[in-house]
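FYI, it's all coordinate maths here, none of it is from the lab. Since the model is a prediction, treat every value here as computed from it, not as a measurement. Positions of Cβ are backbone-derived with ideal geometry, glycine not excepted, and every protein chain shown enters the neighbour counts.
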Amino acid sequence: MKRILPILLIAALALGGWFWWQQRDATSSGDITLYGNVDIRQVALAFDGSGRIAELRVQEGDRVKAGAVIARLDTHTLELQAKAQEAVVEAERQTLLELRAGARPEEIAQAQARVASAKASAELANLQRDRAARLLTSRAVSQQDLDRASTEAKAANAAVDQDIAALDLLLAGARPEEIAAAAARLQAAEAQLELLRYQVTLGELRAPADAVIRSRLREPGDMATPQSPVYALALTDPKWVRVYVREADLGRIKPGMAAQVLTDSHPEPVAGQVGYISSVAEFTPKSVQTEELRTSLVYEVHVTVDDPTDSLRLGQPVTVKLTDGHAP
């Protein structure tokens, strides 16, 4: 026992000296070691419209590109309504074109022929009236015959005036108010068609950015609403590590400092740099292991990382080493 105690004492002194030397090297080199977790932005993705889910194209873990269609609603009814509205738009467009173009040459010729016919009928009626008036003096016709001829002549002259007015109306074309009203109806029909087409596009769920499918929350056949997410997406860029630094080291950390992010599962460090530094102190979260007491105040720091291989996972505990005074 007496022989073992000196050996143990020497070993303890050697271990303590080695630990002190390591700490002195770390302190002199300006390295700062921090502990935290990987943080990734997440998106709860839902349809803008309501309806029954017809198709889900991706699974958990799949990578999606920005703008990719990852789910669809059943929009068959809306598509039929859009086709019907297209016919309404075309009818209103043709009506407007007809009003702007005015009467066709054939219609004008027809109206002119009616005027000529009415004039001929009026001329004949006037002759018969004049003849009846001359014969009345010789008692060859009765007063009743003269009155009938006069009435027929007035009717024939009125028909001439009516046909001439109709011809003038054809030549003048549609009133500006009628053309404006037809144009307004066409715009309303086009707006309704655009709305229906937009509602059809709402039946497609697109990825807002490059991301990884984290959760699939609905299945085909489910009813979807804007309040019910279909997928939970983890955005792969930007990615950062949330760490906490004590007040004694706060003055040694600056935005842009180079950082190395280490994990237990990957021996190769991931490069990064200091970004956000909180100006408000808070108690150390329970998920962070530090050498100080958990009740000590620390400051939150975000370390933005460049992780092209996607080796870091959401919530993964990491160790961050900062080099004091060095920025990328």
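What the table below lists for this structure:
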item: Selection from ALA149, ALA188, ALA111 lying farthest towards where the dipole of segment 81-198 points positive, charges on Cβ; result: ALA149
item: The chain - mean residue ellipticity at 222 nm from DSSP helices (-39,500 (n - 2.57) per run, n ≥ 4, rounded to 500); result: -15500 deg cm²/dmol
item: Debye, to nearest 20: dipole size of the chain, +1 on Lys, Arg Cβ, -1 on Asp, Glu Cβ; result: 380 debye
item: Loop GluC sites (Glu not before Pro), segment 44-99, which have at most 11 other Cβ atoms in a 10 Å radius of their Cβ (DSSP); result: GLU60
item: Which of THR75, THR319 has the fewest Cβ neighbours within 10 Å, and the rest in rising order; result: THR319, THR75
item: Exposure proxy order (Cβ contacts within 10 Å, fewest to most) of ILE108, ILE213; result: ILE108, ILE213
item: Choice from GLY102, GLY221, GLY272 with maximal GNM fluctuation in the chain (Cα, 10 Å cutoff); result: GLY102
item: Cα-based Rg and Dmax for the chain, where Dmax is the largest Cα-Cα distance (Å); result: 45.8, 176
